Amino acid sequence: MPVNLKKEDNVKFFLDTADLAEIEEAASWGALAGVTTNPTLYARIGGKLDDFHNHIKRICDIVGPDCPVSAESVAMTRDEIVRDGRELAKIAPNVVVKIPTMVEGLAATRQLADEGIPVNMTLCFTVPQAILAARAGARYISPFVGRFDDISEDGLAQLDDVVRAIGNYDFTADTVNGEQIEIIAASIRSANHVTQAALMGADIATVPFGILKKCVSHPLTDRGLESFLKDWEKVQNA
Ligand code: E4P
């Protein structure tokens, strides 16, 4: 059953990648609302440690100031995460500090939120984790869908639980500048994951570029286009 009907905003697509060409291409389609990166995605494009901040800046420049760009801290203690978060936040005003759901991460989230720095709490799998992230002041919470499916569990059901549980309450007092918390359906493996996330009322789906392309196309669209073009040729030759 759809829940959380008091949405202030519409469902959005983020791109889950560190690949600049993919981001440029997706941004040119006119429907991109943000980017999420993680250490794996950065390693996948051959990213170097000393170029990380510059790379995040390049992403911010491509998508513009209205699109949040999540950059992940790999620090393991609250003080280090806070230090990392402050540095990441200096890159651009639209940088969101991505922090794993763990005790040190929660503590760092509280500190950064109190300083007005938005946090995307990642590697979130359960409702209690999501509630703790919300109470700690996370601006975004990222429940992972596909990784549940990878271990033969129902990732969409888990996402649904998180969306409904968070939607039951008003957490605006806890977040940066009283902004509304947004749930990012993450670890998306298919267009159907996007469909189901939207039906549940998730605020955002962050998708790999390959899945975004699949979201655009459908065999019936291709077939319809082909027949329209053929028929238009007949009109031209009539
Ligand atoms: C979320 O922001 C993560 O970057 C991402 O969705 C993880 O997805 P994966 O399970 O495909 O690695």
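Only the coordinates and a few stated rules stand behind these numbers; no lab work does. Nothing here was measured: the structure is a model prediction, and the numbers come from that model. Reconstructed Cβ throughout: ideal geometry from the backbone, glycine too, with neighbour counts over all protein chains shown.
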Contacts under 6 angstrom Cβ, first residue in the range 178-195 being over 23 Å from residue 118 (Cβ atoms), partner of a type in the set (Val, Ile, Thr), 6 or more apart: 193/145
Qualifying positions in the range 172-193 - within 9 Å of residue 137 (Cα to Cα) and in contact with a helix residue (DSSP H, G or I) (Cβ under 9 Å, 6 or more places away or on another chain): 172, 174, 175, 176, 181
Answer from 33, 43, 21, 26 - the residue that is within 26 Å of residue 212 (Cα to Cα), crowded, with 21+ Cβ neighbours inside 10 Å, of a type in the set (A, V, I, L, M, F, W, C) and within 20 Å of the chain's Cα centre (by Cα): 26
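Let's see how each residue does on (1) within 16 Å of the ligand (Cβ to nearest atom); (2) of a type outside the set (S, T, N, Q); (3) farther than 23 Å from residue 205 by Cα; (4) part of a helix (DSSP H, G or I):
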position	(1), (2), (3), (4)
14	yes, yes, no, no
22	yes, yes, no, yes
40	yes, no, no, yes
80	no, yes, yes, yes
Near pairs, Cβ below 8 angstrom, 6+ apart or cross-chain, from the range 24-44 (more than 24 Å from residue 139 (Cα to Cα)) to any residue that is more than 16 Å from the ligand (Cβ to nearest atom) and aliphatic (A, V, I, L, M): 24/62; 29/216
Whichever residue in the range 183-226 is more than 14 Å from the ligand (Cβ to nearest atom) and aliphatic (A, V, I, L, M) and, among such residues, is surrounded by the most Cβ atoms within 10 Å (Cβ to Cβ): 200
Only listed residue being over 30 Å from residue 217 (Cβ atoms) and touching a Phe, Trp or Tyr at 6+ places or on another chain (Cβ under 7 Å), chosen from 125, 144: 125
Residues of the range 46-75 that turn out to be part of a loop (DSSP other than H, G, I, E, B), within 16 Å of the ligand (Cβ to nearest atom) and either loosely packed, with under 12 Cβ neighbours inside 10 Å or more than 15 Å from the chain's Cα centre (by Cα) (or both), as a count: 3
Qualifying positions in the range 131-144 - on the phi < 0 side of the Ramachandran plot and either away from the ligand (no atom under 14 Å from the Cβ) or of a type in the set (Phe, Trp, Tyr) (or both): 131, 132, 134, 135, 136, 140, 144
Filter result for the condition that a residue is touching a strand residue (DSSP E or B) at 6+ places or on another chain (Cβ under 6 Å) and within 22 Å of residue 189 (Cα to Cα), over 112, 159, 88: 159
All positions within the range 108-133 that are aliphatic (A, V, I, L, M) and surrounded by fewer than 24 Cβ atoms within 10 Å (Cβ to Cβ): 113, 117, 123, 127, 131, 132
Members of the range 175-211 that are within 13 Å of the chain's Cα centre (by Cα) and over 17 Å from residue 121 (Cα atoms): 194, 197, 208, 209
Evaluation of residue 147 against (1) within 15 Å of the ligand (Cβ to nearest atom); (2) farther than 19 Å from residue 74 by Cβ; (3) surrounded by fewer than 24 Cβ atoms within 10 Å (Cβ to Cβ) (one fails), failing number: (2)
